[in-house]
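Asks: Sharing a structure here in structure tokens format.
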Amino acid sequence: MAKLPVSSEQLIADFGPHKNYPPREGFVGRDEPDEVVKTHCCFCGMQCGIKLLVKNNRVVGFDPWEEFPFNEGRLCPKGVQRYLQNNHPDRLLHPFGRVEGAGFRPLGWDAALDRTVAEIRRIQAEHGPHAFAMLSGVSLTNEKSYLVGKFARLALKTRNLDYNGRLCMVSAGAGNKKAFGLDRASNTYADLAHAEVIMICGTNVSETFPTLTHWIWQARDNGAKLIVVDPRLTPIARTADLHLPIRPGRDSALYGAILHQLVKHDWLDHDFIAQHTSGFAEATAAVKDYDLTWAEQTTGIDAAKIMRAAEMWGRAKTSFLLHARGIEHHSKGVENVVSCINLVLATGRIGKPYCGYGTITGQGNGQGGREHGHKCDQLPGNRDIENPEHRAHIARVWNVPEPEIPHKGLTAYEIIEAIHRGEIRGMISICFNPVVSLPNNNYVREAFEKLEHYTAIDFFLNETARHADIVLPGSLHEEEDGTVTTAEGRVVRIRRAVTPPGEARTDTDILLELARRLGAGDKFEFKTSEEIFTELRYASQGGTADYFGITYEKIEKNMGVFWPCPTLDHPGTPRLWEDRKFATPDGKAHFNPVSYRDPGEITDAEYPVILTTGRVVSQYLSGTQTRRIGKLVDQYPEPLLEIHPTLAARYNIHDREVVRVVTRRGAAEFPAQLVETIRTDTVFIPYHWPGRKSANQLTSGHLDPVSKIPEFKVCAARLEPLGHPEPVGDARTAFASP
Ligand SMILES: Nc1nc2c(c(=O)[nH]1)N[C@H]1C(S)=C(S)[C@@H](COP(=O)(O)OP(=O)(O)OC[C@H]3O[C@@H](n4cnc5c(=O)[nH]c(N)nc54)[C@H](O)[C@@H]3O)O[C@H]1N2
Ligand SMILES: Nc1nc2c(c(=O)[nH]1)N[C@H]1C(S)=C(S)[C@@H](COP(=O)(O)OP(=O)(O)OC[C@H]3O[C@@H](n4cnc5c(=O)[nH]c(N)nc54)[C@H](O)[C@@H]3O)O[C@H]1N2
Ligand code: SF4
Ligand SMILES: [Mo]
């Protein structure tokens, strides 16, 4: 029988905190806190330092942490509201179990854990160990990411573990490894401040990484030129010297055409290319026909602007290239990434002051979370799960025979497909909301309805957890100690400010207890997060992401340590490649040839408009957290369809009128927002909402063949104006806190 969702409102009405616990008041005013805890924001990869104010075991406010070197006290709209989650009435306070036909009922921990373990055993006995899968997320600390990887491999004994970075960082990770042999931004953002040219490709930094813009303004004050590549004239693009309004899905054509011009005008660093790189001839051969006429036709950008970009980049002495999901969320995300890196290598501008390159990490621990082994193909230290030496090293650290470590499993979206095929029957998830965040999500929801057993660990009942059999109340960011690694590669300390409320437990306690009940307790005898970190250090030792020389004490003393940090007396590595020894087998940086190919879905007569998706400043990811914070909801209450007046006029669409957007996957309705800041062939929808407001009802399941990232940034759509404004009083404030 299909597992139909149980609503959060119903759960709160039946078993809300007021029934069992004294009311948890919200912000109680700025009287003297009991404690001030220096930690970091729970949201994006900038990991801004913040001081949390604690009173009576509750977070009641914040203060800027001005000494923390990256953000120096600055915070964005999400950062200053984050603490409001701590007292939210929707907080899960005890385990719940599904009672068919009656929704969720509270359960004791023993009963909830026993039921999960019994179902794991039953499903694995009937269908083999890999029929039970695990999904994880990189809002988790390094310690928890490491623990999840070990838990899935040694306690659950499944190879099918993957994580939400599959929707985020994997194209960048694969591209970085191909080019440099190591996956991290090459410099700290302080190097931006003195770069002559900054090129920003497919990232809306002012909304998605607001505190990063400080370093870009520093560069502007110092005379830097700014190039922005985005189909939308984003806030940062409005300040740029050059905005290249690319047709979505065409980035590798643009960077290929720029490389063509660098060669043609000899804007190249021949010494660097000869001594420190390989593959230059193949990479330039691949773009020999990419002249300006072809490039203009393919990318939709004026030839003159492309030429200007090539000249600005080519003639500069120092430069920094940044990109994020706008070029990575593609069925050729890896090709887009390496075609950007080719420009950096051709001009030799890396590993020197004010010269660098970086993919901007998305989630809070998007960097560390992609290093410590909760990807389906990875072991800690960014090791390869199929490499015999790497497996042997981890087997030694885990004290198990090497064959006990499962081999490579399926990626996130492939796990969904395997559920549909009946190969995967059970699931445990932590820190992931795939029913909102995966593409083509009606198909994803049907998979969760099919599962024989599903346990979810979260602090809120997210939309996927509503399909669960068991819900285990886990911990918020401020309820556990640990470390995360910022977008710059700086490992910082997350400090526990409060303990979990009610019967909620820390994520770590839940995983350790499950491991014990699965009979693997001897491999999981950790008493503190620091003990997990110590094992992680050994596990990462000698890997490309080497944390061996990092300790909690050292982080404390230096306000963070940059990996690689191979020995205890090593200071860490803020700027990579100064020694010109790249982490590839031959020690050289690799050019990669890229021949342009079209995105997985292109427009045609039936679906003539390009649909792209992304973010707005006040909402975060699947919205589970930010849709519960009233002030953020007020700022952007519901998804709007951004459309250019020219395109709108073609369909007789007026501002705020509802438009039905149809793709090959389905249809959804959004009020139109007429803006002159988007291409006339493209519409944009932010994806932070569930159900009928979800952009992912429309997106395609096309994956990059190497990274398996979904193509969130391009699909083909048809617009059907409904000719009336949005009815009042719909879902807009559904989750707002009082
Ligand atoms: N406010 C807020 N901040 C966040 C998040 C959030 O949810 N909300 N999430 C965090 C996470 S996990 C991530 S991954 C990052 C994402 O950070 P970004 O990558 O900056 O965010 P997106 O909005 O996904 O996409 C960025 C831009 O890509 C453009 N774009 C679309 N298609 C193309 C294309 O084909 N080529 C190019 N060049 N550009 C294109 C879009 O117009 C958009 O402006 O943000 C992090 N920060
Ligand atoms: N159409 C479209 N879809 C997209 C994207 C896009 O640009 N367009 N972007 C993609 C990207 S880049 C990303 S990163 C994904 C994100 O997609 P998801 O990872 O599904 O999004 P989150 O909202 O982070 O969901 C995480 C869940 O983890 C919980 N959580 C957070 N911290 C913790 C913790 O410490 N412990 C526990 N136990 N739970 C925690 C939250 O409450 C939430 O329910 O979405 C992807 N989907
Ligand atoms: S920029 Fe990112 S880390 Fe900093 S306050 Fe905003 S959401 Fe938090
Ligand atoms: Mo992301």
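The values are calculated or read from the model by the stated rules, or taken from the named source; none is laboratory data. Note that the coordinates shown come from a computational prediction; the quantities given were computed from them, not determined experimentally. All Cβ positions, even for glycine, are placed from backbone atoms using ideal geometry, and neighbour counts span all protein chains on display. Note: accessible area is taken over every heavy atom of the protein model, side chains too, but ligands, DNA and RNA are not part of it. Shrake-Rupley method; radii C 1.70, N 1.55, O 1.52, S 1.80 Å.
Let's see how each residue does on (1) within 16 Å of ligand 3 (Cβ to nearest atom); (2) part of a loop (DSSP other than H, G, I, E, B); (3) within 24 Å of residue 243 (Cβ to Cβ):
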residue	(1), (2), (3)
611	no, no, yes
616	yes, yes, yes
622	yes, yes, no
638	no, yes, no
654	no, yes, no
658	no, no, no
661	no, no, no
670	no, no, no
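Asks: State which residue is modelled with the lowest pLDDT when the search covers only the stretch 688-712 and only residues that are open to solvent by 10 Å² or more (accessible area, probe 1.4 Å) and closer than 10 Å to residue 438 by Cα.
Replies: Looking at residues that are open to solvent by 10 Å² or more (accessible area, probe 1.4 Å) and closer than 10 Å to residue 438 by Cα, I get 701.
Asks: Which condition number does residue 572 fail, the rest of (1) within 24 Å of the chain's Cα centre (by Cα); (2) on the phi > 0 side of the Ramachandran plot; (3) outside the structural domain of residue 394 (by TED's automatic domain parsing) being met?
Replies: Residue 572 satisfies all of (1) within 24 Å of the chain's Cα centre (by Cα); (2) on the phi > 0 side of the Ramachandran plot; (3) outside the structural domain of residue 394 (by TED's automatic domain parsing) except (1).
Asks: Could you please give the count of residues in the stretch 64-89 that are of a type in the set (Phe, Trp, Tyr), modelled with pLDDT of 90 or more and more than 21 Å from residue 491 (Cα to Cα)?
Replies: 0
Asks: Let me ask something additional. Pull up the stretch 306-346, narrow it to residues that are of a type in the set (Val, Ile, Thr) and out of contact with any Leu (no Cβ under 7 Å at 6 or more places or on another chain), then point me to the one that is farthest from residue 223 (Cα to Cα).
Replies: Residue satisfying both the conditions and the ranking: 334.
Asks: Going through the stretch 479-503 one residue at a time, which ones are open to solvent by 10 Å² or more (accessible area, probe 1.4 Å) and closer than 17 Å to residue 89 by Cα?
Replies: Residues satisfying the conditions are 499, 500, 501, 502, 503.
Asks: Which ones in the stretch 615-649 are more than 16 Å from ligand 4 (Cβ to nearest atom) and hydrophobic (A, V, I, L, M, F, W, C)?
Replies: 629, 632, 633, 640, 641, 643, 647, 648, 649
Asks: Within the stretch 73-103, track down each residue that is assigned to a loop (DSSP other than H, G, I, E, B), in contact (Cβ under 8 Å) with a residue 40 or more places away in the chain and away from ligand 3 (no atom under 16 Å from the Cβ).
Replies: Of everything in the stretch 73-103, those that are assigned to a loop (DSSP other than H, G, I, E, B), in contact (Cβ under 8 Å) with a residue 40 or more places away in the chain and away from ligand 3 (no atom under 16 Å from the Cβ) turn out to be 88, 89, 90, 91, 92, 93, 94, 95, 100.
Asks: Given the residues 299, 234, 277, 239, which is the only one that is over 23 Å from residue 595 (Cα atoms) and buried (at least 20 other Cβ atoms within 10 Å of the Cβ)?
Replies: The conditions single out 234.
Asks: If you check every pair at least six apart or on different chains, which have Cβ atoms under 8 Å apart with a residue in the stretch 353-367 that is within 13 Å of residue 193 (Cα to Cα) first and a residue that is assigned to a strand (DSSP E or B) second?
Replies: From the stretch 353-367, the pairs are 354/320; 355/319; 355/320; 356/320; 356/321.
Asks: Would you confirm, using the coordinates I've provided, whether residue 424 is buried (at least 24 other Cβ atoms within 10 Å of the Cβ) and in a loop (DSSP other than H, G, I, E, B)?
Replies: So residue 424 passes the test.
Asks: Return yes or no: is residue 597 modelled with pLDDT of 95 or more, open to solvent by 10 Å² or more (accessible area, probe 1.4 Å), in contact with a Pro (Cβ under 7 Å, 6 or more places away or on another chain) and within 16 Å of ligand 1 (Cβ to nearest atom)? Step through it out loud before you land on a result.
Replies: On the way: modelled with pLDDT of 95 or more: yes; open to solvent by 10 Å² or more (accessible area, probe 1.4 Å): yes; in contact with a Pro (Cβ under 7 Å, 6 or more places away or on another chain): no; within 16 Å of ligand 1 (Cβ to nearest atom): yes.
Considered against the rule, which asks whether it is modelled with pLDDT of 95 or more, open to solvent by 10 Å² or more (accessible area, probe 1.4 Å), in contact with a Pro (Cβ under 7 Å, 6 or more places away or on another chain) and within 16 Å of ligand 1 (Cβ to nearest atom), residue 597 comes out as no.
Asks: Does the stretch 445-460 include one or more residues that are more than 23 Å from residue 707 (Cα to Cα), within 18 Å of the chain's Cα centre (by Cα) and either away from ligand 1 (no atom under 16 Å from the Cβ) or assigned by TED's automatic domain parsing to the domain that holds residue 491 (or both)?
Replies: Looking through the stretch 445-460, at least one residue is more than 23 Å from residue 707 (Cα to Cα), within 18 Å of the chain's Cα centre (by Cα) and either away from ligand 1 (no atom under 16 Å from the Cβ) or assigned by TED's automatic domain parsing to the domain that holds residue 491 (or both).
Asks: Hey, another quick one. Please specify each residue of the stretch 636-665 satisfying the condition of being open to solvent by 20 Å² or more (accessible area, probe 1.4 Å) and small (Gly, Ala, Ser).
Replies: Across the stretch 636-665, the qualifying residue is only 649.
Asks: Answer with yes or no whether residue 98 is farther than 27 Å from residue 627 by Cβ, of a type in the set (Lys, Arg) and surrounded by fewer than 23 Cβ atoms within 10 Å (Cβ to Cβ). Spell out the reasoning first.
Replies: Details: farther than 27 Å from residue 627 by Cβ: no; of a type in the set (Lys, Arg): yes; surrounded by fewer than 23 Cβ atoms within 10 Å (Cβ to Cβ): yes.
So residue 98 fails the test.
Asks: If you don't mind, there's one more thing I want to ask. Cβ contacts < 6 Å: first residue at pLDDT 95 or above, restricted to the stretch 303-321; second residue of a type in the set (S, T, N, Q) and surrounded by 19 or more Cβ atoms within 10 Å (Cβ to Cβ), any location; separation 6+ or different chain. Result?
Replies: That search, which allows pairs on different chains as well, returns 310/261.
Asks: Can you pull out every residue in the stretch 386-404 that is outside any helix (DSSP H, G or I) and either without any contact (Cβ under 8 Å) to a residue 24 or more places away in the chain or crowded, with 21+ Cβ neighbours inside 10 Å (or both)?
Replies: Going residue by residue through the stretch 386-404, those that are outside any helix (DSSP H, G or I) are 386-387, 399-401.
Passing the criteria: 386, 387, 401.
Asks: Next up: Within the stretch 243-271, how many residues turn out to be open to solvent by 10 Å² or more (accessible area, probe 1.4 Å) and not basic (Lys, Arg)?
Replies: Of the residues in that region, 11 qualify.
Asks: Identify the single condition in (1) outside any helix (DSSP H, G or I); (2) in contact with a Lys or Arg (Cβ under 8 Å, 6 or more places away or on another chain); (3) polar (S, T, N, Q) that residue 124 does not satisfy, given that it satisfies every other one.
Replies: Only one criterion in (1) outside any helix (DSSP H, G or I); (2) in contact with a Lys or Arg (Cβ under 8 Å, 6 or more places away or on another chain); (3) polar (S, T, N, Q) is unmet by residue 124, namely (1).
Asks: Here is a follow-up. Among the candidates 62, 70, which residue alone is among the aromatic types (Phe, Trp, Tyr), assigned to a strand (DSSP E or B) and away from ligand 2 (no atom under 16 Å from the Cβ)? Reasoning before the result, please.
Replies: Details: 70 fails: assigned to a strand (DSSP E or B).
The unique qualifying residue is 62.
Asks: Out of the stretch 351-395, which residues are more than 17 Å from residue 430 (Cβ to Cβ), charged (D, E, K, R) and either under 18 Å from the mean Cα position of the chain (by Cα) or within 16 Å of ligand 2 (Cβ to nearest atom) (or both)?
Replies: Scanning the stretch 351-395 gives 371, 377.
Asks: Among the residues of the stretch 156-210 satisfying the criterion of being hydroxyl-bearing (Ser, Thr, Tyr) and open to solvent by 10 Å² or more (accessible area, probe 1.4 Å), which is nearest to ligand 2 (Cβ to nearest atom)? Lay out the reasoning, then the answer.
Replies: To start, the set of residues in the stretch 156-210 that are hydroxyl-bearing (Ser, Thr, Tyr) comprises 158, 163, 171, 186, 188-189, 203, 206, 208.
Of the ones still in play, those that are also open to solvent by 10 Å² or more (accessible area, probe 1.4 Å) are 188, 206, 208.
Details: 188: 23, 206: 16, 208: 10 Å.
Checked the stretch 156-210; the qualifying residue nearest to ligand 2 (Cβ to nearest atom) is 208.
Asks: Could you grab me the full set of residues in the stretch 671-687 that are over 25 Å from the mean Cα position of the chain (by Cα) and open to solvent by less than 10 Å² (accessible area, probe 1.4 Å)?
Replies: Matches in the stretch 671-687: 671, 672.
Asks: Looking at 472, 476, 438, can you tell me which residue is within 16 Å of ligand 3 (Cβ to nearest atom), crowded, with 24+ Cβ neighbours inside 10 Å and not small (Gly, Ala, Ser)?
Replies: 476
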